[in-house]
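Right, one structure below, let's go through it.
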Amino acid sequence: MTTLGVTVRQYKAGLAWLSEKAARLKPNGRMGARSPLSLLEEIELMRLGVEGKAAGWRTLRKLAERDQRLDMGQLDDLIERARSQSETLEELRLNTAEGLVQLELSAPGR
């Protein structure tokens, strides 16, 4: 943002932080403990965030072809990092989902 001369709006960063904290207050029927699905949901949300970030990097990469202020090599690195992060999160998501299935199958009364 600094490279492009875009002003960082601190209130937006603060609002994002507050929203993230407020999301943790959602009732899940387990006031004293986490729901078994919480980890899966959090991983899925992280992956969505990474995919959104990657889309932004790809947009900037396309613009870098005409705007010399943008470093194409740096953007290529950021795109690759986001791809790697997304792959890692997908692996974690699948492993977590499998663990939840196993937990459900081993629950009493099954």
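Looking at Ala54, is it more than 29 Å from Leu103 (Cα to Cα) and modelled with pLDDT of 95 or more? Break it down stepwise before answering.
Values: more than 29 Å from Leu103 (Cα to Cα): yes; modelled with pLDDT of 95 or more: yes.
Taking the combined requirement at face value, the residue satisfies it.
Taking Leu40 as the residue in question, decide whether it is assigned to a helix (DSSP H, G or I), surrounded by 14 or more Cβ atoms within 10 Å (Cβ to Cβ) and either in contact with a strand residue (DSSP E or B) (Cβ under 6 Å, 6 or more places away or on another chain) or modelled with pLDDT under 95 (or both). Show your work before the answer.
On the way: assigned to a helix (DSSP H, G or I): yes; surrounded by 14 or more Cβ atoms within 10 Å (Cβ to Cβ): yes; either in contact with a strand residue (DSSP E or B) (Cβ under 6 Å, 6 or more places away or on another chain) or modelled with pLDDT under 95 (or both): yes.
Spelling it out, Leu40 is indeed assigned to a helix (DSSP H, G or I), surrounded by 14 or more Cβ atoms within 10 Å (Cβ to Cβ) and either in contact with a strand residue (DSSP E or B) (Cβ under 6 Å, 6 or more places away or on another chain) or modelled with pLDDT under 95 (or both).
Filtered by the rule that a residue be more than 30 Å from Leu37 (Cβ to Cβ), assigned to a helix (DSSP H, G or I) and among the basic types (Lys, Arg), the stretch 58-109 gives Arg58, Arg61, Lys62. Write out, first by first residue and then by second, each pair whose Cβ atoms fall under 7 Å of each other, whose residues are 6+ apart or on separate chains, and whose first residue, in the stretch 74-96, is under 25 Å from Thr3 (Cα atoms) and without any contact (Cβ under 8 Å) to a residue 60 or more places away in the chain while the second is of a type in the set (Ser, Thr, Tyr) and outside any helix (DSSP H, G or I). Cβ pairs passing all conditions: none.
Out of Gly29, Gly5, one residue alone is at pLDDT below 75, part of a loop (DSSP other than H, G, I, E, B) and of a type outside the set (Ser, Thr, Tyr). It is Gly29.
So that you can scan it fast, the table gives a plain yes or no per residue for (1) aliphatic (A, V, I, L, M); (2) in contact with a strand residue (DSSP E or B) (Cβ under 8 Å, 6 or more places away or on another chain); (3) surrounded by 10 or more Cβ atoms within 10 Å (Cβ to Cβ):
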| residue | (1), (2), (3) |
| --- | --- |
| Gly56 | no, no, yes |
| Lys62 | no, no, yes |
| Arg66 | no, no, no |
| Leu78 | yes, no, yes |
| Arg81 | no, no, yes |
| Ser84 | no, no, yes |
| Glu91 | no, no, yes |
| Ala97 | yes, no, yes |
| Leu105 | yes, no, no |
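Every condition in (1) touching a residue at least 24 places away in the same chain (Cβ under 8 Å); (2) in a helix (DSSP H, G or I); (3) more than 28 Å from Val101 (Cα to Cα) holds for Met46 except the one numbered (3).
The values are calculated or read from the model by the stated rules, or taken from the named source; none is laboratory data. Nothing here was measured: the structure is a model prediction, and the numbers come from that model. All Cβ positions, even for glycine, are placed from backbone atoms using ideal geometry, and neighbour counts span all protein chains on display.
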